[in-house]
Amino acid sequence: MTSIPSQRQADAPRAMVTVRGLHKRFGHLEVLKGIDTEVNESEVVCVIGPSGSGKSTFLRCLNFLEKFDAGTVTICGHDLTSSSTNLNLVRRDVGMVFQSFNVFPHMKVLDNITLAPMKVSKVPRAEARDRAIALLEKVGLVDKADVYPSKLSGGQQQRVAIARALAMQPKVMLFDEPTSALDPETVGEVLTVMKALAEEGMTMLVVTHEMGFAREVADRVLFMDHGLIIEEGAPADIFDTPKHERTQAFLSKVL
Amino acid sequence: MFDFGQFMPPLLRGAVLTIFLLVTSGILGTLIGLIFGIARSSSIRVVRWVASIYVNFIRGIPILIILLFIYFALPLMFPTVTFSQGVTAIAGLSIYAGAYMAEIFRGSIAAIPRGQSEAAEALGMHYLQKMRYVILPQAMKIAVPPAIGFLIALVKASSLVSVIGYTDLTRAGRIITSQNHLPLNTYVVVAALYFVISYPISLLGRWYERRLT
């Protein structure tokens, strides 16, 4: 072996998310039965699986919107299980996009995007505004800056929600079925924005039913069922030669 | 005949005192209601519990009893504590209004979808930021119509302060009828003045609802 240790360390992928033995129960129902995985910097991981498999709950545990019962989650260097961790600091580093958009209806699009940077990160108004305009350009909605969200289509609202999350300059982005509530004709515009984000090197975890997106954009696909990761691997392996019979059964229904 | 020159000034003075009472107890009641409405929406059980005791207790007893209690009973329990008629009237109505406003605010906060709260939290906002910038601005809009409805009811409830001797519009009318022995004329004027106070509030509510649509 001739490689220099320090060189190897620099080249080794940096884990942005590390999950060990994650358990979560709602009452008597155990929805996560021990999840172990890692997501490296700039990696795009898609989580697929039948509804009720625990995919969304798993994602929501990563920014502690959902408390978990056992296991550890380390995200962007923050240990979520440590009592000294300030959850609000963690969440500044972790952007989240929801199935139901959850844009703020009482604020214009621009104010939706500048709110958190100004109030949470204390970014000056002018800078927050510039950042918001740049993000609106990126998601193709710069002409909607002074419009209220109720005037926008679902796809446009979701793109605002993505811009809002990006305005905090997160290190990891979590997408919880971002296109499941959209009309079919607006799904594409949201996926295009997400794909561009992935190409820029954003670390992304995407819970999705869009198998085309997962195949094309993901570096790795996790198949979950009944609260466990049943199978994981490169998209081609998962979609073309799934090893586990439950993966095969699921894919035969959705593809 | 009803001598307007003689009897209108005391009636108008009573109306002004009624308006003063409504403005002060309306503002104080809204503030109390906001605090207890937020407390009733709290995730901390003890806070929720304390707030719900206040709300349910006050809503369960007549405003008349609240006024009589503050004015006559409190000084018996604590001899150093005595309140003037004005302070009693304002305190009584504020405590009463606070309980109802708290229910209105609690309901309005509960009407905001959970996703709004989650989105604010996911952006790193702490509780106060979330309430201040995301939840309350939306809840306030929902609260306005029922709050206006309650305010109109408060105009009428305020007439009960006459029993502790606060010279509001109702008591001014009673004093005058004892002098002029013209209850019909006097109470028609009193009723008209109450209408003049409460109708603009209804108009305000209608204007607000039209603005929303």
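On a full-extension model of 0.36 nm per residue, what is the gain between A:D219 and A:K33, subtracting their alpha-carbon distance, rounded to one decimal in nm?
Answer, rounded to one decimal: 64.5 nm.
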**Fill in**
Given a Förster distance of 41 Å, the FRET efficiency implied by the Cβ-Cβ spacing of A:N40 and A:D146, rounded to the nearest 0.05, works out to 0.55
**Projected label distance in nm at B:S52 and A:L255, using a 7 Å step from Cα toward the beta-carbon** = 5.2 nm
**Prompt:** Using Cα atoms only, what is the angle between the long axis of helix A:125-138 and the major principal axis of chain A, expressed in degrees (0 to 90) to the nearest 10?
**Reply:** 60 degrees
**Prompt:** By count of other Cβ within 10 Å, fewest leading, how are A:D143, B:D168, A:D93 ordered?
**Reply:** A:D143, A:D93, B:D168
**Fill in**
Yeah, region B:62-129 with a ≥ b ≥ c from its alpha-carbon gyration tensor (a/c under 1.5 is rounded, else prolate when a/b outruns b/c, oblate otherwise) is prolate
**Acute angle (nearest 10 degrees) that the helix B:169-180 long axis makes with the longest principal axis of chain B, alpha-carbon atoms** = 10 degrees
**For chain A, average projected area of the Cα convex hull in nm²** = 16.3 nm²
**Complete:** The whole-number value in µm²/s of the Stokes-Einstein translational diffusion coefficient for chain B, with Rh from the Kirkwood sum over alpha carbon pairs at 10 °C and 1.306 mPa s, is 83 µm²/s
**Prompt:** Which value in Å does the Kirkwood hydrodynamic radius of region A:147-241 take, with 1/r averaged over all unlike C-alpha pairs and then inverted?
**Reply:** 14.4 Å
**Fill in**
Computed from the beta carbon distance with a Förster radius of 56 Å, FRET efficiency for B:T24 and A:A181 to the nearest 0.05 stands at 0.75
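With the Cα gyration tensor of region A:30-97 in hand, give its eigenvalues times 5 under a square root as the equivalent ellipsoid semi-axes, listed largest first in whole angstrom. Please list the in-between numbers first.
Values: eigenvalues 78, 46, 25 Å².
With the √(5λ) rule applied to region A:30-97, the semi-axes are 20, 15, 11 Å.
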**Complete:** Among the Cα-Cα pairs of region B:115-170, the proportion with separation greater than 14 Å, in percent, is 67 percent
**Prompt:** With each run of n ≥ 4 DSSP H residues scored as -39500 (n - 2.57), what mean residue ellipticity at 222 nm is computed for chain B after dividing by its residue count and rounding to the nearest 500 deg cm²/dmol?
**Reply:** -25500 deg cm²/dmol
**Cα-based Kirkwood hydrodynamic radius, the protein assembly as shown, one decimal, Å** = 26.5 Å
**Request:** Rounded to the nearest 500, what is the 222 nm mean residue ellipticity of chain A from helices alone, with -39500 (n - 2.57) per DSSP H run of 4+ residues and division by all residues?
**Result:** -11000 deg cm²/dmol
**Request:** Taking each pair of different alpha-carbon atoms in region A:1-149 once, compute 1/r for the pair, average those values, and report the inverse of that mean as the Kirkwood hydrodynamic radius in Å to one decimal.
**Result:** 18.2 Å
**Prompt:** By how many degrees, 0 to 90 and rounded to 10, does the Cα axis of helix B:4-40 deviate from the longest principal axis of chain B?
**Reply:** 20 degrees
**Request:** Can you spot the lysines whose alpha carbon is less than 30 Å from A:K138's alpha carbon? Ignore those fewer than 8 places along the same chain.
**Result:** A:K55, A:K108, A:K119, A:K122, A:K151, A:K171, A:K195, B:K130
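Read the figures in this text as sums done on the coordinates, not as results from a lab. Small disclaimer: the values here were computed from a predicted structure and weren't measured. Note that each Cβ is placed from the backbone with ideal geometry, even for glycine, and that neighbours are counted across all protein chains shown.
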